[in-house]
1. Considering only region A:2-51, how many residues are in contact with a strand residue (DSSP E or B) (Cβ under 8 Å, 6 or more places away or on another chain), within 7 Å of chain B (Cβ to nearest Cβ) and touching a residue at least 60 places away in the same chain (Cβ under 8 Å)?
2. Out of (1) in contact with a strand residue (DSSP E or B) (Cβ under 7 Å, 6 or more places away or on another chain); (2) away from chain B (no Cβ under 13 Å); (3) buried (at least 19 other Cβ atoms within 10 Å of the Cβ); (4) more than 30 Å from residue C:67 (Cβ to Cβ), what's the single condition that is false for residue C:354?
3. Residue A:233 fails exactly one of the following numbered conditions: (1) away from chain C (no Cβ under 14 Å); (2) under 21 Å from residue A:66 (Cα atoms); (3) in a helix (DSSP H, G or I). What is the number of that condition?
4. Could you check region C:457-499 and list, in sequence order, the residues that are part of a loop (DSSP other than H, G, I, E, B) and free of Cβ contacts under 8 Å to residues at least 24 places away in the same chain?
5. What number of residues within region C:116-134 satisfy the criterion of being at pLDDT 90 or above and either surrounded by fewer than 22 Cβ atoms within 10 Å (Cβ to Cβ) or within 16 Å of residue B:139 (Cβ to Cβ) (or both)?
6. If I ask for residues that are over 24 Å from the mean Cα position of the chain (by Cα) and either in contact (Cβ under 8 Å) with a residue 24 or more places away in the chain or more than 23 Å from residue C:430 (Cα to Cα) (or both), which ones from region C:406-419 would you list?
7. Could you go through region C:109-123 and let me know if any residue there is in contact (Cβ under 8 Å) with a residue 60 or more places away in the chain, assigned to a loop (DSSP other than H, G, I, E, B) and assigned by TED's automatic domain parsing to the domain that holds residue C:365.
């Protein structure tokens, strides 16, 4: 195959270039131009000197992340939480989408589909108060139930081990409606003729799900997984902060990069250190997604993100 | 097209596997739905409960010591709330329509197999989810060079190119058979016309999904308003409510340090009432979007 | 992969190219502030104050008021509905006296954590701003957010400058320069229980509240009389008992901004120590364990977001300062709140915890200072600026100030403008507030500037140890907070806390702060 240059390509697909131009320009201006702020991560920011006038200070801004060994713990926690949340919430969303699409009661379908979207609207602040209402030692719902059955009260807030599960359950619950819509939409765009053909061949419902539905939504599933992997170093600050609060006893199990940075810089307006934390997350995300995307490209080129 | 699904469901015979599937499915979905609806019911009844009752007894299914006090606080000046609703609806409508169009068009271009730069452009967009300039330089740039202070564009533009939605949309566009586009090209249709007349109609469920997400994004955004909007009459609803709540919390936190007196607002029930006020309309809007999710698509009919 | 890397480098190069043109925006402010720095280096802080003494009376005459200017001030609060009326009212006065008007810009409660620091980096033009400890004043000052006032303050705000105490001037000094004008309102380091007495009426509680034994007896009595209440209020911002304990039992002193290092202010050469070095640590922790075991506070406190348990009657007692006592008592007179001070050696809190700063971008810093001088030295100007319009937004009853129409009006949010002379107690304030404050003043006077009063002037500079300092604060929250509430095993918890603090670099922090403290002591001798 002959290689063609940009000019040739531009002439061939002129219309396509024009169609993509508005958003390319928009992103260039709105996202790329301010990106010069990345230099802050390597500067000792002073207000009087500004972003570009401040002195360079090497990797000094990154040091606080790793002081006392916290850096490794919070990086590990962030990755593990994202993996756990990815598997549970996407898994639940796929199962729900497949089931809802197969159900035949139209009203039941419509109502449940709407209802499972409701948790999305409950902000983490309010979820946080729900969690406290359930688990607090003195008046929590859980302990009321336990004592009603003659059991001994448990102090969940001093049991770090259970919190990853609590957090992941609430996360899956909150996002199930939102994520399942994507899969439902993907399922509805499957050609109905496929199912009709399968019916004629006498396939049962499980076979149809396995041989038609799943393969058809595989590109969507892989896109969603890749998108999540691309933010594997970012923690949902609101979720962790509102559920865990300032409870140091749970930090070893619940501290992620975003919460650690928030706490460290609460009384310290250090833009350099904030930028350093974000930069650290960005670089790790970048490396991970490049590797994963490359692997996907090798296996199934169409499914890669870029 | 609408009849396709209905016909299909009528044809299904109740085989034993169907019965097993249905039992498991109905039980599972009903339980899940209950878990989702219950907290929301508690949220609504909490918003009608007295502050004292919530603080002492927590939430419940039915309102405790029924009162509309929290709503009274929010609607103390109803014209403000209405105007904020107006701003939010305006931002949401303009942003979603404009954004959905531009985003889908972009998704279409980067899904075209014969477009050489599709991966490079995808990466160009994706890169912005990995790296960003951070709050200060973005703020300074928007304010000083783009002059977006107090400008509605500051609320609309950042939401238009959500790269996650773009790539999800691309996965939907990918399901449109290449043969359709090829044959249209042979018929002499221009790229833009192919996109508008052939591709868009096949993307209804995708458009509904991403449109809903974009609308929710605009509807719930208070952060950009916080940074860029100065005039109270230009505040969207979520920011106005967020403001109300923060005032209460911030004052309580610093009151003792500066020695000022804080009036006691019903902050717990207020929080819940705000959630109801802010999400109500968009929940009502949801069923209209939903109808695009239940239709089965029959590509054959388009082909013919 | 290689291709993508190339694209990335291309994009970054693009971003850097942009930075060149973006840099132009910063230049003006940075070069002017550098000039400021060099010119002010000539006169050190102390020289500045001497120079001013002679020229205070006619200091104002240097000011050229021929041109009318509009000054811009930023405060943090929500703008009251009818603020325009108040602005018009004080601007009449300001126009007449200084040929200027004041525009107050409000940064709302929802936006201040982000927008307040942005204000000083965005290059926006304004003249002055309110600042405070809770707005991270010291961190901002160390990073060059404010204009140095070495020459201008004594010159253009002479009456204000003259009334600043020696320690206030020291507190306002960062790197040898004045960066803020501290408030002239005295506040006190007194700290102690604020407790309801109505619950225990008719019980055999003896009513005494002088030390921790009394407090423990009170908490027990509350638990018995009203078992549904939390006797002692703790929520997610942690317990207040720890610091009060060493201040009450030992008379130790905490420097503002450091809550994990303390020292004995009566010692000849005070040395910083921390919890695991303090002899009484186990006594303290055992006391907290008794309170925890007896249910005097909730076992889930650190995840409890309810900060208003006392106001709503869920908790009976909290530990805080006299201002909090005043507002609780005004709020709920029927609950018969009482206050007791447990801190042995009461002193004035740093005056910089509420302050006014001049912006690097100020176009009329001289006039701004003159205006602030007027507000803080002329009672009419003060009342017009701070309280508003008499009869409309406030009235004065029995020498207490009562706010009127709080839906539309509020007192100024520039809390730093209050002075001890002009500040009036709020309407309904309990009588013993004044008695307490008088007793604090008396104590401070008797001490004659020794003890903790002396060390209030000591200001730490953490710019060399920012990393370790942040790490230590993190460890304190993660390990000390649960420990001090006896949520974890005391012995092993304390050992654990120690090893984590050492790993976080507490020794480096201590070394640096000790060095600064020693220098401070040497400079005051």
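The values are calculated or read from the model by the stated rules, or taken from the named source; none is laboratory data. Treat the numbers as computed from the prediction; the structure is a model and nothing was measured. Note that we place each Cβ from the backbone using ideal geometry, even for glycine, and neighbour counts take in every protein chain shown.
1. Going through region A:2-51 one residue at a time, the tally reaches 0.
2. (2)
3. Failing condition for residue A:233: (3).
4. C:488, C:489 - these are the residues of region C:457-499 that are part of a loop (DSSP other than H, G, I, E, B) and free of Cβ contacts under 8 Å to residues at least 24 places away in the same chain.
5. 8
6. Within region C:406-419, C:407, C:408, C:409 qualify.
7. Looking for residues that are in contact (Cβ under 8 Å) with a residue 60 or more places away in the chain, assigned to a loop (DSSP other than H, G, I, E, B) and assigned by TED's automatic domain parsing to the domain that holds residue C:365, one finds at least one in region C:109-123, hence yes.
Residue-wise test of (1) touching a residue at least 24 places away in the same chain (Cβ under 8 Å); (2) more than 25 Å from the chain's Cα centre (by Cα); (3) not assigned by TED's automatic domain parsing to the domain that holds residue B:220.
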residue	(1), (2), (3)
B:29	no, no, yes
B:49	yes, yes, yes
B:87	yes, no, no
B:92	yes, no, no
B:117	no, yes, no
B:132	no, no, no
